[in-house]
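*Asks:* After the structure tokens below, expect a handful of questions from me.
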Amino acid sequence: MSVPSQSCFLKTLQSRREYYQLLLDLSLRQTDLIRTDNYIQLLEVLAQKQSLLQDMDGLRQSLPDLWQQWHSKRDTLDPLSRNVCERMLAESKVILEEVMKNEQDSTDLLTQCRDYTRKNLQAIAEGTQVHEAYRDSLAPVKYRHLDIDQ
């Protein structure tokens with residue numbers, strides 16, 4: 001496999017940084033949609049994220065040993081190009097950390113919503129069971145009974 005040129009390193013790292021920024025934007029939008037219970041648009045955002053992740057994987061597959069080559073060739077790059085590449089890497093790392101934090105926040109928020117819904121459904125189910133136990137409470141007094149097996 002040929003050694004990537006410094007322009008290839010620059011383009012790839014810049015593309016990677018842009019992908020991470022797009023992923024962060026979608027992740028922030030996802031959290032807002034969860035907070036507003038807008039699950040229809042949330043599904044659209046999740047589909048956009050999936051497509052973006054596939055594009056990112058395509059970039060990774062197009063240069064499978066880029067990182068190995070970066071580590072072995074970075075010292076041979078001119079100082080300006082190397083600094084730009086290292087800045088792109090540092091910015092990408094910060095953005096990715098923010099994406100990961102926001103994804104965890106979204107997961108926690110969805111978990112809270114799930115638990116809240118589960119608790120409410122359980123309360124409704126228990127209320128229905130109580131109602132069923134007393135379902136014949138409108139019957140004449142001599143025919144009323146409590147079904148304790150429910």
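The values are calculated or read from the model by the stated rules, or taken from the named source; none is laboratory data. All values reported here derive from a predicted model rather than from experimental measurement. All Cβ positions, even for glycine, are placed from backbone atoms using ideal geometry, and neighbour counts span all protein chains on display.
*Asks:* Could you pull out the residue among Lys93, Lys119 that is modelled with pLDDT of 95 or more and out of contact with any helix residue (DSSP H, G or I) (no Cβ under 7 Å at 6 or more places or on another chain)?
*Replies:* Exactly one of Lys93, Lys119 is modelled with pLDDT of 95 or more and out of contact with any helix residue (DSSP H, G or I) (no Cβ under 7 Å at 6 or more places or on another chain), namely Lys93.
*Asks:* If I ask for residues that are closer than 19 Å to Tyr19 by Cα and acidic (Asp, Glu), which ones from segment 73-112 would you list?
*Replies:* Glu86, Glu91, Glu97, Glu98, Glu103
*Asks:* Of the conditions (1) surrounded by fewer than 16 Cβ atoms within 10 Å (Cβ to Cβ); (2) more than 11 Å from the chain's Cα centre (by Cα); (3) not β-branched (Val, Ile, Thr), Leu46 satisfies every one except a single condition; which number is it?
*Replies:* Against the list (1) surrounded by fewer than 16 Cβ atoms within 10 Å (Cβ to Cβ); (2) more than 11 Å from the chain's Cα centre (by Cα); (3) not β-branched (Val, Ile, Thr), Leu46 comes up short only on (2).
*Asks:* Restricting to segment 55-102, count the residues that are charged (D, E, K, R) and not in a helix (DSSP H, G or I).
*Replies:* Adding up the residues that qualify gives 2.
*Asks:* State whether the residues of segment 49-64 include one that is among the polar types (S, T, N, Q), farther than 20 Å from Met100 by Cα and surrounded by fewer than 11 Cβ atoms within 10 Å (Cβ to Cβ).
*Replies:* There is at least one residue in segment 49-64 that is among the polar types (S, T, N, Q), farther than 20 Å from Met100 by Cα and surrounded by fewer than 11 Cβ atoms within 10 Å (Cβ to Cβ).
*Asks:* Which pairs turn up if I take residues in segment 27-44 that are in contact (Cβ under 8 Å) with a residue 60 or more places away in the chain and look for partners that are in a helix (DSSP H, G or I) and charged (D, E, K, R) with beta carbon separation below 7 Å, at least 6 apart in sequence or on another chain?
*Replies:* Pairs that qualify, where the first residue is in contact (Cβ under 8 Å) with a residue 60 or more places away in the chain and the partner is in a helix (DSSP H, G or I) and charged (D, E, K, R), are Ser27/Glu103; Thr31/Asp105.
*Asks:* Could you list all residues from segment 12-43 that are loosely packed, with under 13 Cβ neighbours inside 10 Å and in a helix (DSSP H, G or I)?
*Replies:* Listed by number, the residues that qualify are Arg35, Tyr39, Ile40, Leu43.
*Asks:* Now, a different point. Among the residues of segment 71-80, are any surrounded by 13 or more Cβ atoms within 10 Å (Cβ to Cβ), farther than 24 Å from Leu109 by Cβ and either out of contact with any Lys or Arg (no Cβ under 8 Å at 6 or more places or on another chain) or modelled with pLDDT of 90 or more (or both)?
*Replies:* yes
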